[in-house]
Amino acid sequence: MRVYPTFFRVVFAGMDPEKAHKIGFDLIKAVARTPAAPVMRRLMRPAPELAVQALGMDFPSPFGLAAGFDKGGSGITALANLGFGHVEVGTVTGRAQPGNPKPRLFRLVEDRAVINRMGFNNDGAAAVAPRLARARAALERTHGRPRPVVGINIGKTKAVDLADAVDDYLISARELAPHADYLVVNVSSPNTPGLRLLQSIDSLRPLLSAVGQAADQAAGRHVPLLVKIAPDLTDEDIDDVAALALDLRLDGVIATNTTITREGLVTDPQKVIACGVGGLSGAPLRQRSLAVLNRLHAALGENGPVIISVGGVESAADVHQRLAAGATLVQGYTAFLYEGPFWAARINRQLARMMKKDAARA
């Protein structure tokens, strides 16, 4: 019997979503500070057969937590205890910023979806960097190998002009790369004005080149570099991004971010309109995210950069499908809000069974 969905309906469903997120996250972090933490870590640790090599590292599981849940790197070790193979922090910007005015997070429960216009609210790269360093050291001590991987997702500060975007990204890259297992350039959030214009190849090429060089210099090693793209790109745009990734020898592409479309929703249209602008995530994004994955995989080829698939991932079957379609790693986020703290462990258990069946049929 799954208790959390009932708990969600009784406790969180009627609460402001951002407040509910804070309370839930605070509880996860609080449990991680109790004697129960080692027990939880042991019970939720992914099965050894789920381990996968990607980006030059060993991941305990192909399934990880997407950026957006832990924007400031305050709960990395607590989240890793829940069974995620990797935790991606952020989006972090060069300067601290409060994000957009509240309310800015809205649930569409009937669609198992969320609309957000958070606006990269975060404490800034200088504040987040030492948290990353402490978290990676703690994971080395508590998890052994392979330990959960820590990624960092960086974006543009809202107050910075688009013409100065590269310099702004470089602030974050230099601060954070030394403490990150991998680095993601986010040019696909719909909630920072003009940001998606950076997805054009003419803008993307110098940005990725500069960030990659600065990250490696700051870290004194190669830091795997990925770019995160929107689901709203045309097929031609996806092909162009793939060609650029190959040309620049990027380590990977994350597909996809939230969508600005509102197609196929069952929620009352007036309620959706009342939520206002923002990125839609969750179950309605499943088919489009899968379609982008298929297109991207075809363009990058079997031996091309790593693809991390995200968007509408709710179950082990979704993860299994994305892996079969060419993703090396898979991320989720929105379903975590609806499924609760045992979600990743449940996916890992079911995924391990699926993989055993695949091996038996091979």
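Among the numbered conditions (1) open to solvent by less than 20 Å² (accessible area, probe 1.4 Å); (2) in contact with a helix residue (DSSP H, G or I) (Cβ under 7 Å, 6 or more places away or on another chain); (3) farther than 30 Å from PRO48 by Cα, tell me where ARG112 comes up short.
Unmet for ARG112, out of (1) open to solvent by less than 20 Å² (accessible area, probe 1.4 Å); (2) in contact with a helix residue (DSSP H, G or I) (Cβ under 7 Å, 6 or more places away or on another chain); (3) farther than 30 Å from PRO48 by Cα: (1).
Conditions first: (1) out of contact with any Asp or Glu (no Cβ under 8 Å at 6 or more places or on another chain); (2) open to solvent by 30 Å² or more (accessible area, probe 1.4 Å). ARG145 passes all but one, so which condition is the exception?
Of (1) out of contact with any Asp or Glu (no Cβ under 8 Å at 6 or more places or on another chain); (2) open to solvent by 30 Å² or more (accessible area, probe 1.4 Å), only one is false for ARG145: (1).
When you go through (1) of a type in the set (D, E, K, R); (2) in contact with a His (Cβ under 8 Å, 6 or more places away or on another chain); (3) open to solvent by less than 40 Å² (accessible area, probe 1.4 Å) one by one for ARG136, which number turns out not to apply?
(3)
Could you list all residues from region 57-67 that are open to solvent by 10 Å² or more (accessible area, probe 1.4 Å) and either over 20 Å from SER188 (Cβ atoms) or not aliphatic (A, V, I, L, M) (or both)?
MET57, ASP58, PRO60
Considering each residue of region 307-329, count those that are open to solvent by less than 20 Å² (accessible area, probe 1.4 Å) and of a type outside the set (Gly, Ala, Ser), and give that number.
Final tally of qualifying residues: 8.
Just to check your reading of the model, which residue among PHE84, PHE106 is in contact (Cβ under 8 Å) with a residue 12 or more places away in the chain and part of a strand (DSSP E or B)?
Criteria check complete, one pass: PHE106.
In region 134-163, which residues are farther than 20 Å from ALA37 by Cα and assigned to a helix (DSSP H, G or I)?
If the condition is that a residue be farther than 20 Å from ALA37 by Cα and assigned to a helix (DSSP H, G or I), then LEU162, ALA163 are the ones that fit.
Being in contact with a strand residue (DSSP E or B) (Cβ under 7 Å, 6 or more places away or on another chain) and within 15 Å of HIS143 (Cα to Cα) is the filter here, so list the residues in region 42-56 that pass it.
Of everything in region 42-56, just one residue is in contact with a strand residue (DSSP E or B) (Cβ under 7 Å, 6 or more places away or on another chain) and within 15 Å of HIS143 (Cα to Cα), namely ALA51.
Which residue is most open to solvent (accessible area, probe 1.4 Å), if the candidates are limited to region 44-56 and must be closer than 28 Å to SER281 by Cα and either among the small types (Gly, Ala, Ser) or part of a loop (DSSP other than H, G, I, E, B) (or both)?
The selected residue is ARG45.
Kindly indicate whether any position in region 57-65 is more than 13 Å from the chain's Cα centre (by Cα), under 17 Å from THR142 (Cβ atoms) and outside any loop (DSSP other than H, G, I, E, B).
So far as region 57-65 goes, yes, one or more of its residues are more than 13 Å from the chain's Cα centre (by Cα), under 17 Å from THR142 (Cβ atoms) and outside any loop (DSSP other than H, G, I, E, B).
If GLY332 meets every condition in (1) small (Gly, Ala, Ser); (2) modelled with pLDDT of 95 or more; (3) open to solvent by 10 Å² or more (accessible area, probe 1.4 Å) apart from one, which number is that one?
It fails just one condition, (3).
Test VAL128 against the criterion of being out of contact with any helix residue (DSSP H, G or I) (no Cβ under 8 Å at 6 or more places or on another chain), buried (at least 19 other Cβ atoms within 10 Å of the Cβ), modelled with pLDDT of 95 or more and hydrophobic (A, V, I, L, M, F, W, C), and give yes or no.
The answer is no for VAL128.
Filter region 72-103 down to residues that are among the hydroxyl-bearing types (Ser, Thr, Tyr) and under 19 Å from LEU139 (Cβ atoms) and give me whichever is surrounded by the most Cβ atoms within 10 Å (Cβ to Cβ).
THR77
Considering only region 35-65, state which residues are without any contact (Cβ under 8 Å) to a residue 12 or more places away in the chain, within 17 Å of PHE342 (Cβ to Cβ) and not hydrophobic (A, V, I, L, M, F, W, C).
Matches in region 35-65: ARG42 only.
What are the residues in region 87-101 that are aliphatic (A, V, I, L, M) and either closer than 22 Å to ALA54 by Cα or not in a strand (DSSP E or B) (or both), if any?
VAL87, VAL89, ALA96
The values are calculated or read from the model by the stated rules, or taken from the named source; none is laboratory data. Remember, predicted model here, so these are calculated numbers, not experimental data. All Cβ positions, glycine included, derive from the backbone under ideal geometry; neighbour counts span all protein chains shown. Quick note on the areas: whole protein, heavy atoms, side chains included, nothing else; ligands and nucleic acids left out. Shrake-Rupley method; radii C 1.70, N 1.55, O 1.52, S 1.80 Å.
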